[in-house]
Amino acid sequence: MEATDAAVARHFGTCTLESLLGVFGGRRNRLLSCVMQQNESIQQALDRLKSEAVSAAGNGARLLVLDDSAAFGPGRSFLDPYLVVAVLHKALKEETAAGGESLRRGVSLVVRSGACATSTT
């Protein structure tokens, strides 16, 4: 019997991206393309992503999915997802909501990447 993605995720104590998106609902999540655009420097790409993340969180997003699946398409370049997570974490931590709380406290970051590997020891 072939295992479903959801069954495999449950076996390993996690969930699929699709089920996670379902929990957060359509308006409460935002997909950010974690790539460099054509003629964009690393710093410009990071500044663009910071702006997109802060704007999304300020408008009520509670889940930001960083996706690098377009990195190898025409006019796009790879951007290290670990670097993006660090930069967005810092930017969201430094921005405050109307109540004075850091935006980062209300936002989860999820990376969907072909570049990330996990290790277990």
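For this structure, a couple of remarks:
- Filtered by the rule that a residue be touching a residue at least 24 places away in the same chain (Cβ under 8 Å) and over 16 Å from Ser77 (Cβ atoms), segment 26-48 gives Arg27, Arg28, Asn29, Arg30, Leu31.
- Residue in segment 51-67 that is modelled with pLDDT under 95 and farther than 21 Å from Ala97 by Cα present: yes
- Any hit, segment 70-87, residues being of a type in the set (Asp, Glu), in contact (Cβ under 8 Å) with a residue 12 or more places away in the chain and touching a strand residue (DSSP E or B) at 6+ places or on another chain (Cβ under 7 Å): no
- Filtering segment 9-24 to residues that are more than 14 Å from Val65 (Cα to Cα) and of a type in the set (Val, Ile, Thr) leaves only Thr14.
- Some residue of segment 91-107 being modelled with pLDDT of 95 or more, surrounded by fewer than 14 Cβ atoms within 10 Å (Cβ to Cβ) and either in contact with a Ser or Thr (Cβ under 9 Å, 6 or more places away or on another chain) or of a type in the set (Val, Ile, Thr) (or both): yes
- Here the condition is being out of contact with any Pro (no Cβ under 8 Å at 6 or more places or on another chain), more than 12 Å from Ser113 (Cβ to Cβ) and polar (S, T, N, Q); of Ser33, Ser77, it holds for Ser77 alone.
- Residue in segment 8-30 that is surrounded by 14 or more Cβ atoms within 10 Å (Cβ to Cβ), at pLDDT 90 or above and more than 17 Å from the chain's Cα centre (by Cα) present: no
The values are calculated or read from the model by the stated rules, or taken from the named source; none is laboratory data. In this text the structure is predicted, and so the values were computed from the model without any measurement. So basically every Cβ, Gly included, is an ideal-geometry build from the backbone, and we count neighbours across all protein chains shown.
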